[in-house]
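Student: Supplied in structure tokens, the structure appears directly below.
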Amino acid sequence: MINDILTLTVKHPRYGYRRITIVLREDGWRVNFKRVYRLGCQESLKVPKRQIKRLFLGTSDHACDRHRPEHFNHVWSYDLLTERLENGRRVKLLTVIDEYTRECLARIFHAVSESPGGGRIERVRMVCGGSEG
């Protein structure tokens with residue numbers, strides 16, 4: 001049975017112990033999931049993790065245009081985080097990053113009652129030269 005399990009894992013590397021049990025039952029073996037799991041652990045068989053698919057940098061009908069940065073200040077990214085302090089106040093943190101150099105251009109803290117960036121983003125543009133994209 002171990003040889004059949006090993007041949008199945010070579011032939012179908014994405015099959016887990018449950019699927020291998022089903023195939024073994026179709027081949028005539030009287031086996032349950034627990035036994036196949038135990039034998040797989042003894043043989044140190046693991047299902048390899050899937051590779052992460054890279055996002056396509058292009059255009060489509062229902063997506064925004066994403067640009068690959070070509071030089072400094074070509075593409076900026078920003079992230080807005082909301083946190084609650086120990087005293088109960090909520091604050092927001094806005095970070096602006098240049099995609100080409102991965103340099104953090106600005107970290108802006110403000111209370112929730114204020115506007116989320118307001119004129120501060122304009123000051124970052126004036127100091128850093130502004131994003132083209």
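The values are calculated or read from the model by the stated rules, or taken from the named source; none is laboratory data. Owing to the predicted nature of the structure, the values given are computational and were not obtained by experimental measurement. Don't worry about glycine lacking a Cβ; one is built from the backbone with ideal geometry, like all the others, and counts go over all protein chains shown.
Student: For segment 83-103, name all the residues that are of a type outside the set (S, T, N, Q) and either touching a helix residue (DSSP H, G or I) at 6+ places or on another chain (Cβ under 7 Å) or over 29 Å from Asn73 (Cα atoms) (or both).
Tutor: At the first step, the residues of segment 83-103 found to be of a type outside the set (S, T, N, Q) are 83-86, 88-94, 96-100, 102-103.
Arg84, Leu85, Glu86, Gly88, Arg89, Arg90, Val96 - these are the residues of segment 83-103 that are of a type outside the set (S, T, N, Q) and either touching a helix residue (DSSP H, G or I) at 6+ places or on another chain (Cβ under 7 Å) or over 29 Å from Asn73 (Cα atoms) (or both).
Student: Right, here's the next one. Being modelled with pLDDT under 85, of a type in the set (Asp, Glu) and on the phi < 0 side of the Ramachandran plot: is that true of Asp98 here?
Tutor: Working: modelled with pLDDT under 85: no; of a type in the set (Asp, Glu): yes; on the phi < 0 side of the Ramachandran plot: yes.
Spelling it out, it is not the case that Asp98 is modelled with pLDDT under 85, of a type in the set (Asp, Glu) and on the phi < 0 side of the Ramachandran plot.
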